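Taking it in order: structure first as C-alpha cells, then the write-up.
Each reported figure results from applying straightforward, stated rules to the coordinates on display, with no laboratory input. Note that this is a predicted model, so its numbers are computed, not measured. Every residue, glycine as well, gets a Cβ built from its backbone with ideal geometry; the counts of neighbours run over all protein chains shown.
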Amino acid sequence: MRALILVTTAAVTSMAHAADPHSYAETDKFVVRHVALDLGTDFEAHRLAGTAELTVEQLDPAADRLVLDTRDLEISAVHLIEMSGRARVLAFKLAEPDPVLGSKLTIEFPHCCAATTQMRIRIAYRTSNEASALQWLEPVQTYGAKPYLYSQGQAIHTRSWIPLQDTPSVRVTYDARIRTPPDLVAVMSASRVDGALPAGEHAFTMKQPIPPYLIALAVGDLRFQALDNRTGVWTEPSRLQTAAREFEDLPRMLEAGEEMAGPYRWDRYDLLVMPRAFAFGGMENPRLSFISPSVIAGDRSLVAVIVHELAHSWSGNLVTNATWDDFWLNEGFTTYLEHRLIEKLYGERRAEMEGAIAYEELLRTIRDLTDEGRPGDTALQLKLAGRSPDEGISDVAYQKGRWFVSFLEERFGRPAFDAFLRAYFDAHAFQSIDTETFRAWLLEYLERPGAPAMTAEEIDAWIYRPGLPATMPKVATGVFAPVDKVAVDWQSGRIATDALPAKDWIPMEWVRFLDEQPADLEHEKLAELRATYGLGADGNAEIALSWLELVIRTGYEPAYPDLERFLLDTGRWRLVESLFSELSRTESGRALGERIYAKAKPGYHASIRQAVERLLYPEPGRATAQ
Ligand SMILES: [Zn+2]
C-alpha cells in the first residue's frame, strides 16, 4: 500500500517537472530526503573530508541503482547502513566528468535491498582542493589574522562538496557535524545545536526541507551580536560593531516582509558579513544570509541587498525554482518584493530611483544579449541545457521578472495582488515548481470571480518571448530629471563643480549623475570632481563603481591606481564584472584589464575568473561588445 502510494506520487512529480537538465538524478526512482554530514576542514590542504549519509526514499520498486551528482570528489567507500546499524559495502562507479555537470556517481544495490522503501547510504569522500563551491581565503584576504572558508552552492556547486541529487527540484533536511581548528567557528544555513561538544566541533540541524543549493557552510574567526530575539549579525571581530550598526533595521525589515508575504517560516534570520573576497552581493542561505561587506556604506544606503536576500525567505527558499531554466521564479518575485519593501521602509522616491536605474540596466542587458546572438536568453524561461546555469544569471531573471510581477500587480490592483501573492506562497510553500506550474496556477487563479482580465497570450509574451512586451508597465524615469539637468549644466559649465547640489543627493543620484557623463568629458572636469568630492575606491561601493566606470569610459589615467585598488580589494561578482566589461570595450582598456587581472585573479572566485576571462579573451566567433 505504502509503495503504491509512493509510485503514484512519483508519477505525479515526474509529470509536474520536466527533468532537470543540470542533474544526473533520476528522481522518479529515488529521492534523497535527508543528508547527515560529518566533515573535517583541512585549511592546509584546502579540503573537506568525511562522510555524507543520505536517507533515500525508493519510489520505483524495480530500481536497482542510485544515481547522484558529484564534481571532483574523491570517493573512498559507499555503505548501506542496515536497520541493525551494520554497514554493508555497495559497489559504485564514478563516471568521467562532464565539464558542466561533473561526474555521475552510480551506486549499485544488491537484489535483497530493493524492497526497502527508505534506506541510509553512507558515502566516505574528500573534496578536491579546487572544489567549485568552496573558496578558501588566506588571512590577508580577511579582516583578521585567520583563514576563512565559505561555500556557495548556487547553482550547481553543492555537488563539489556533497555527493547528492543536486537539483532544486529535490528538497532535503540536513544535519551536520563540522570539525574545525579550535580557534575557528563554523556557521551553517541551519540552527546551531548547543551542547557539550569537543573544542573545534560544531553541530547543526536544518528541519525545513530545502533545495541542495541552499546547504551552506562558512568557517572563520566569527563572532555574533544579536539585534533582537530572532535576528543578529555574525562576522569577524573587528567588523562586528560596524556591521551591527549598519543593519540595525533588520528586525523592522523582517516584520515588513511578514506583513507583505506571510509568516517567516525559518525561525531565525541572521546575517553573515563576509570578507571582501566574497563573490556575491548576498546569498540567501536560509536562516543565515551571506552578505558582501561592500554593502556596508556607513549610512545604510545600500541595504537593498539585505532586503533582497530577506525577500528570498519567501520566493526562492520557500517556493523554489524546480530547474535553473525557471530561475526567474526565484529572482523576479524576489526583486519585486525587494522593490515593495524598499518603498515601504524607505519611501516611494527611493524605490522609484532604484527601479529606474535597474530598468536602464535591463534595457542594456537585453541589447547586449541580442547583439551577442543570444536573444533567447532575454525570455524569462531559459533553455540552459548543455550550458552552465551561470549563463542564466542576468538582469533578465531579476528585472524583467520583476516587471512581469509588477505588470500582474497593475492588472490586479495592489490589494488584490497582495492577496494573490500570499495565496501563491501558501499554496507552494516548501515546494519546487517550474514555469509551467506557475503559469497554470496563475491561469486558474484568474478564473476566480473578481479576478482581472488577462489573456494567456499576454502572459506568454513575458514568459516565452524575447525582450519586453507591449504590456510593460510605465517606468517612473522622470524621478531623475533634476539630476539629469544638473549633469547637463555641469558639463556645459553653467554650474561650477563646487556648486553641485551634491550634499542633498542620495547615493543613487550620484550614481545617475556619473552614469550620465559622456566618454569625451574633459579630463580637467574629472580632476575637479575627484578633488572636490573625494571620488575613488573607498566609501559607497555603488558610487565608486559608477565613478570607476566613468574613469574607464573617459580613459582618465590619473585614477587608474584607484581602479586597480578597487579591483584588488573586492571579489564581488557584479562590481568586478561591470568594470572588466567596461574595460573590454576598447583595446587599451583590455590591455589595462589584463594587467590588473593578472594581479587580482588569485583573490577571485573560480566562477568570476571564468566570467572575466570570457570578457578579456572572448572565444573566436563570438561577437564582442563594441
Ligand atoms: Zn536573488
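Please name whichever of THR231, PHE247, LEU197 sits farthest to the positive end of the charge dipole of the range 182-298, dipole taken about the Cα centre and charges placed at Cβ: Lys and Arg +1, Asp and Glu -1.
My answer, from the dipole projection, is LEU197.
Could you tell me how far the Cα centroid of the range 361-422 sits from the Cα centroid of the range 76-109, in Å?
Computed from Cα coordinates, the inter-centre distance equals 38 Å.
For a quick check: sort ASP562, ASP377 by the number of other beta carbons within 10 angstrom, fewest at the front.
ASP562, ASP377
How long are the semi-axes of the equivalent ellipsoid of the chain, defined as square roots of 5 times the Cα gyration tensor eigenvalues? Whole Å, largest first.
Each semi-axis is √(5λ); the values are 41, 29, 24 Å.
Once the Cβ-Cβ distance between GLU348 and ARG565 is put in as r, and R0 is 30 Å, what FRET efficiency do you end up with, to the nearest 0.05?
0.25
Normalised by the residues of the range 369-494, what does the relative contact order come to in percent, with Cα pairs under 8 Å and at least six apart?
37
Select from the range 412-519 those chymotrypsin sites (Phe, Trp or Tyr not before Pro) which occupy a DSSP coil region and have at most 10 other Cβ atoms within 10 Å, ordered by residue number.
Here no chymotrypsin sites (Phe, Trp or Tyr not before Pro) fit, given the DSSP loop and packing criteria.
With loop defined by DSSP as not H, G, I, E or B, and exposure as at most 11 other Cβ atoms within 10 Å, which is the longest segment of the chain clear of exposed trypsin sites (Lys or Arg not before Pro)?
87-473
Taking the Cα centre of each part, how many Å lie between the range 41-62 and the range 255-300?
First find each Cα centre; the distance between them is then 27 Å.
Relative to the compact globular guide of 2.2 N^0.38 Å, what is the alpha carbon radius of gyration of the range 308-438, as a ratio?
Ratio of Rg to 2.2 N^0.38 Å for the range 308-438: 1.05.
For the chain, take the longest principal axis of its alpha carbons; what is the angle in degrees between that and the long axis of helix 573-583, to the nearest 10 within 0 to 90?
Helix 573-583 and the main axis of the chain meet at about 50 degrees.
When only Cα pairs under 8 Å and 6 or more residues apart are kept, what is the percent relative contact order across the range 68-223?
Dividing the mean separation by the residue count of the range 68-223 yields 23 percent.
Under the Karplus relation 6.51 cos²θ - 1.76 cosθ + 1.60, θ = phi - 60°, what is the ordered set of whole-Hz ³J(HN,Hα) values for the range 292-304, x standing for Gly and Pro?
Calculated HN-Hα couplings, in order: 5, x, 5, 7, 7, 9, x, 10, 6, 7, 10, 6, 4 Hz.
Determine the percent antiparallel among the DSSP beta bridges restricted to the chain, to the nearest 5.
The answer is about 80 percent antiparallel.
Can you give the extra length, in nm with one decimal, that the chain gains between ARG245 and GLU96 once fully stretched, where that is 0.36 nm per residue apart less the Cα-Cα distance?
My answer for the length gained is 48.7 nm.
What do you get for the angle between helix 327-346 and the principal long axis of the chain? Use alpha-carbon atoms, 0 to 90 degrees, nearest ten.
50
Taking only DSSP H segments of four or more residues, each worth -39500 (n - 2.57), what value at 222 nm results for the chain once the sum is divided by all its residues, to the nearest 500 deg cm²/dmol?
Estimated from H runs of four or more residues: -11000 deg cm²/dmol.
Please arrange SER84, SER301 by counting, for each residue, the other beta carbons lying within 10 Å of its beta carbon, fewest first.
SER84, SER301
In what order do VAL612, VAL172 fall by count of nearby beta-carbon atoms within 10 Å, going from fewest to most?
The fewest-first ordering by Cβ neighbours comes to VAL172, VAL612.
Within the range 165-312, what percent of beta bridges assigned by DSSP are antiparallel, to the nearest 5?
Beta bridges within the range 165-312, antiparallel portion: roughly 70 percent.
Could you pull out the pairs from LYS207/LYS474; LYS344/LYS485; LYS344/LYS474; LYS207/LYS601 whose alpha carbons sit more than 31 Å apart here?
Violating the 31 Å Cα-Cα cut-off are LYS207/LYS474; LYS207/LYS601.
Let me check the size of the range 479-557 from its C-alpha atoms; what are the radius of gyration and Dmax in Å?
11.4, 33
Please list 3J(HN,Hα) in residue order for the range 368-383, calculated via the Karplus relation 6.51 cos²θ - 1.76 cosθ + 1.60 where θ = phi - 60°; whole Hz, with x for glycine and proline.
Result, rounded to whole Hz: 4, 4, 5, 4, 7, x, 10, x, x, 6, 9, 7, 5, 7, 9, 10.
How high is the FRET efficiency between MET454 and ASP418 when r is their beta carbon distance and R₀ equals 22 Å, given to the nearest 0.05?
Calculated transfer efficiency: 0.85.
Between PHE224 and ALA470, what is the FRET efficiency for a Förster distance of 51 Å, r being their Cβ-Cβ separation, to the nearest 0.05?
In this case the efficiency is close to 0.50.
I need to check one value: relative contact order of the chain, counting alpha carbon pairs closer than 8 Å and at least 6 residues apart, in percent.
Here the relative contact order equals 11 percent.
Karplus couplings for the range 231-243 from phi (6.51 cos²θ - 1.76 cosθ + 1.60, θ = phi - 60°), rounded to Hz, Gly and Pro as x?
Whole-Hz 3J(HN,Hα) from phi for the range 231-243: 10, x, 10, 9, 6, 5, x, 5, 10, 4, 5, 4, 5.
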